[in-house]
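Working notes, structure below.
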Amino acid sequence: MTKKTRKYCFANETEANSVIDTLRDDEGNITAAAIVKLGYLTVTPATYDDEGNELTAAVLSDVYAVDVYWDGEPLASWDQYIVFPTPLGRHSDGRSSSRDEYIKTYCELFPDSLYCNPPEPEEEDFI
């Protein structure tokens, strides 16, 4: 069975939990997927002085992020929450087949992105 990684954003944790609960069986177990609640992601990191005192607080995203590792096809009912952030190089969570499938799907959805079509290196890049 092909595992598929998808990323979702919700208005808040309560909404995320409500949607996640739709995946539970009669015994309360989630059987179709693995869920990773990322929460409110850092948009701008906090800054600190030399003694470790916070100078400026971190700025967090205004949406609640969740990664889902589906056993097979993602549920269509989750499509309204899906986001496709640019992959971070070749590193991401999940199995390599799931990671590769995410990158392939990303490039199918965004074929003109620099991630999928990086510029050719200039000769001076090798000096």
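Here, each number is a calculation from the coordinates, and none is a lab measurement. Since this is a predicted model, take the numbers as computed values, not measurements. Counting neighbours? That spans all protein chains shown, and the Cβs are built from the backbone with ideal geometry, glycine included.
General observations
- Candidates Pro74, Pro45, Pro85: whichever shows maximal mean-square fluctuation once the chain is modelled as a Gaussian network with Cα springs under 10 Å: Pro45
- Legend: ranking of residues Arg99, Arg24 from fewest to most surrounding C-beta atoms inside 10 Å; resulting order Arg24, Arg99.
- Of Tyr48, Thr14, Ala58, farthest towards positive along the dipole that unit charges on Lys, Arg, Asp, Glu beta carbons give the chain: Thr14
- By other beta-carbon atoms within 10 Å, ranking Glu13, Glu51, Glu101, Glu73 with the fewest at the front produces Glu51, Glu73, Glu13, Glu101.
- Top of Thr86, Thr14, Thr44 by mean-square fluctuation, Gaussian network on the chain, Cα under 10 Å: Thr44
- Amide H contacts under 5 Å for Tyr40, placed H, 5+ residues apart: Ala65
- Proxy reagent accessibility, fewest Cβ within 10 Å first, across Cys107, Cys9: Cys107, Cys9
- Disulfide-incompatible cysteines by the Cβ rule (no partner under 4.7 Å) in the chain: Cys9
- Rounded to the nearest 20 debye, dipole of region 1-89 from Cβ charges on Lys, Arg, Asp, Glu: 440 debye
- Taking Asp26, Asp79, Asp50 in turn, the Gaussian network model of the chain (Cα-Cα springs below 10 Å) assigns the largest fluctuation to Asp50.
- Volume of the Cα convex hull of the chain, divided per residue and given in Å³: 185 Å³
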